[in-house]
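The values are calculated or read from the model by the stated rules, or taken from the named source; none is laboratory data. Not measured: the values here are computed from a predicted model. Every residue, glycine as well, gets a Cβ built from its backbone with ideal geometry; the counts of neighbours run over all protein chains shown. We work out accessible area using only protein heavy atoms, side chains counted, and drop any ligands, DNA or RNA first. Shrake-Rupley method; radii C 1.70, N 1.55, O 1.52, S 1.80 Å.
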Amino acid sequence: MDQKVRTAIMNQVASEAYAEKLSLTLTELSDGYAVVEMVPDPRHGNMFEMVHGAAIISLMDEAFQASCNSHGRVAVALNMNVTFHKVWDEDGTLIASCQALAYRKNEMLPFLER
């Protein structure tokens, strides 16, 4: 992947207020691929003291955003479909999956020149 694009996206995600609020960290990025991590804390909990579904979806959306834009052109989400397989897991088992569709525009990422 283009290192300029990689660095720009990594820096952009690291400075996102929303990502910071949810403790989302982009840890891996390559062409069409991203890994985002979140260490859950009580702020991410729902009424059952489990990680709120919205926090899980935000984690997925952040990875989706980074991976779709990894080619250096603006990509916007058209659809996300999330399936929750389990509601609680401490063993690293897949608890949710996502199918998502993006539209890649012709314009380059506006923050590449920063």
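Worth a mention:
- Theoretical FRET efficiency, 1/(1+(r/R0)^6), r = Cβ-Cβ of Leu101 and Asp31, R0 22 Å, to 0.05: 0.80
- Rounded tilt (10° steps) of 3-14 against the dominant C-alpha axis of the chain: 40
- Working from label points 7 Å from Cα in the Cα-to-Cβ sense, the Phe111 to Lys21 distance is 1.6 nm.
- Highest mean packing first, where packing is the average number of other Cβ atoms within 10 Å per residue, the peptides 39-48, 57-66, 5-14 line up as 57-66, 5-14, 39-48.
- Per-residue Karplus couplings for segment 96-106, computed as 6.51 cos²θ - 1.76 cosθ + 1.60 with θ equal to phi - 60°, are listed in order as 7, 9, 9, 10, 9, 10, 10, 10, 8, 7, 7 Hz, Gly and Pro entered as x.
- The chain - accessible surface per residue (Å², probe 1.4 Å): 66
- Each Lys and Arg adds +1 at its Cβ and each Asp and Glu adds -1 at its Cβ; summed about the Cα centre, the chain shows a dipole of about 460 debye.
- From the Kirkwood radius over Cα pairs of the chain, Stokes-Einstein at 4 °C and 1.567 mPa s returns a whole-number translational diffusion coefficient of 87 µm²/s.
- Carbon + sulfur, % of accessible area of the chain - ligands and nucleic acids excluded, 1.4 Å: 53
- Of all lysines in the structure, not one lies under 18 Å Cα to Cα from Lys105 without also being fewer than 8 positions from it along the same chain.
- Stretchable slack from Asp2 to His52, in nm (0.36 nm times residue separation minus alpha-carbon distance): 14.5 nm
- Relative contact order of the chain: 24 percent, from C-alpha pairs under 8 Å at least 6 residues apart in sequence.
- Global geometry of segment 56-96, whether rounded, prolate or oblate, following the gyration tensor of its Cα atoms and the 1.5 cut on a/c: prolate
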